[in-house]
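This structure is in structure tokens; I'll ask about it shortly.
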Amino acid sequence: MNDNAQARDGSSAIILTDVTKSFVIESQRVDALRGVNLRIDRGSCVSITGRSGAGKSTLLHIIGTLDRPSAGNVSIAGIEVSRMSDQATSKFRNRKLGFIFQSSNLLPEFSALENVMMPGVIAGMKGPVARARAGALLDSVGLGARVSHRPAELSGGEQQRVAIARALFMEPEVLLADEPTGNLDKNTSLAIQDLLLELAVVHKTTMILVTHDPLLAGRMPSRVIMEDGRVLSATGVSL
Ligand SMILES: Nc1ncnc2c1ncn2[C@@H]1O[C@H](COP(=O)(O)OP(=O)(O)OP(=O)(O)O)[C@@H](O)[C@H]1O
Ligand SMILES: [Mg+2]
């Protein structure tokens, strides 16, 4: 590897090389990803758009180590995640990645505070430390007065803000969001978008965000458009 390539690698959060993913259901094969190459720099905020079925969520799941590619390599922060054991992958996911989905996926039996501190509990963090950090994060997303509420006692926008606080709890290197504002009204959606973009900058987080909303995609400095399991175009991202 020459010096330039090494310098580029140092600033790359995520490198995808010839990533394919096929699913076989009842002998029917779906090629969800057909050779994706992407290099996403550390700290960049990237939108992924494209028609339904283009492979956006599949790609996000593979980057997020929730699924493995059929072929190809995925490297995050210099680590080849596609080759790690399941146990190492779980630990990596807990420490380095944060997820936000369309529905907040909060644990219904737990309070907002407990939901936010959960990744810390899983990582073995001491209770009081985790509580203090979760409280500060809930404050930062404007929910300081809702720490004891359970998800069912929060509005959709508030639940999504709890999910954002939870995703940021471990100070992830990479934040992955799949239609994070898809279930929200326009004003709440805009407020959540502002919050996500602001937090990504403050925490220097690489953010990859799948959306059908052209306004949201337009607010992201880098943009990837997918079609039929391939990258159709990429702005601010190398192929
Ligand atoms: N677990 C799975 N098993 C079988 N096929 C799957 C699975 N997950 C996705 N697919 C197929 O792979 C293709 C890509 O799906 P994917 O969910 O990535 O699309 P998407 O771009 O996120 O679409 P949408 O905008 O509707 O969310 C689709 O044709 C889908 O049916
Ligand atoms: Mg999807």
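Throughout, read-outs are computed from the coordinates displayed, never taken from laboratory work. Everything numeric here is computed off the predicted structure, so don't read it as measured data. Virtual Cβ from ideal backbone geometry, glycine too; neighbours counted across all protein chains shown.
Quick check for me: using +1 on Lys/Arg Cβ and -1 on Asp/Glu Cβ, what's the dipole size of the chain about its Cα centre, in debye to the nearest 20? Write out the running numbers ahead of the final one.
Values: 26 positive and 24 negative charges, 69 e Å.
Its charge dipole is roughly 340 debye.
Residue 202: net charge of surrounding residues, Cβ under 14 Å, Lys/Arg +1, Asp/Glu -1, itself excluded? Before the final figure, lay out the partial values.
On the way: positive: 204; negative: 139, 171, 194, 198.
Around residue 202, the surrounding residues sum to -3.
Using the Cα centre of the stretch 22-90 as the reference point, and only Cβ charges (+1 on K/R, -1 on D/E), how large is the resulting charge dipole? Debye, rounded to the nearest 20. Each step should come with its number before you reach the end.
On the way: 8 positive and 6 negative charges, 44 e Å.
Computed charge dipole of the stretch 22-90: roughly 220 debye.
Separate question: Relative contact order (percent) for the stretch 3-232, with alpha-carbon contacts under 8 angstrom and 6 or more residues of separation?
Values: 434 pairs, mean separation 68.1, N = 230.
Once normalised by length, the contact order is 30 percent.
Between the stretch 79-157 and the stretch 31-45, what is the C-alpha centre distance in whole Å?
Answer, in whole Å: 25.
Of the lysine pairs in the chain, how many meet both conditions: Cα atoms under 29 Å apart, and a spacing of 8 or more in sequence or different chains?
Pairs that pass both the separation and distance tests number 13.
Residues with beta-carbon under 14 Å from that of residue 19, excluding residue 19: net charge, scoring Lys, Arg +1 and Asp, Glu -1? Provide the component values of the computation, followed by the final result.
Working: positive: 21, 34, 39, 56, 68, 83, 230; negative: 18, 31, 67, 80.
In short, +3.
Please give the calculated 222 nm ellipticity per residue for the chain, where each DSSP H segment of at least 4 residues contributes -39500 (n - 2.57) and the sum is spread over every residue; nearest 500 deg cm²/dmol? Numbers along the way, then the final one.
Details: 8 runs with 89 residues, N = 239.
Result for the chain, helices only: -11500 deg cm²/dmol.
Related question: With each pseudo-label sitting 7 Å past Cα toward Cβ, what's the residue 68-residue 83 distance in nm, one decimal?
1.3
Something else: Once the dipole of the chain is set up with Lys and Arg at +1 and Asp and Glu at -1 on Cβ about the Cα centre, which of 135, 156, 177 lies farthest towards its positive end?
Projecting each Cα onto the dipole axis, the largest value belongs to 135.
Here's a follow-up. Which percent, to the nearest 5, of DSSP beta bridges fully inside the chain are antiparallel?
60
With Cβ to Cβ distances under 9 Å as the rule, what net charge do the other residues near residue 138 carry (K, R +1; D, E -1)? It would help to have the intermediate numbers written out before the result.
Working: positive: 146, 161; negative: 139.
Neighbour charge sum, excluding residue 138 itself: +1.
Let me ask something additional. Mind checking Rg over Rh on the stretch 3-232, alpha carbons, Kirkwood formula for Rh? Mind showing how you got there, number by number?
Working: Rg = 17.6 Å, Rh = 18.2 Å.
Checking Rg against Rh, the ratio lands at 0.97.
Set Lys and Arg Cβ to +1 and Asp and Glu Cβ to -1, take the dipole of the stretch 3-232 about its Cα centre, and tell me which of 218, 199, 118 lies farthest positive.
Towards the positive end, the residue furthest out is 118.
Something else: Pairing the Cα long axis of helix 186-202 with the longest principal axis of the chain, what angle in degrees results, from 0 to 90 and rounded to the nearest 10?
The helix 186-202 is inclined about 80 degrees to the chain.
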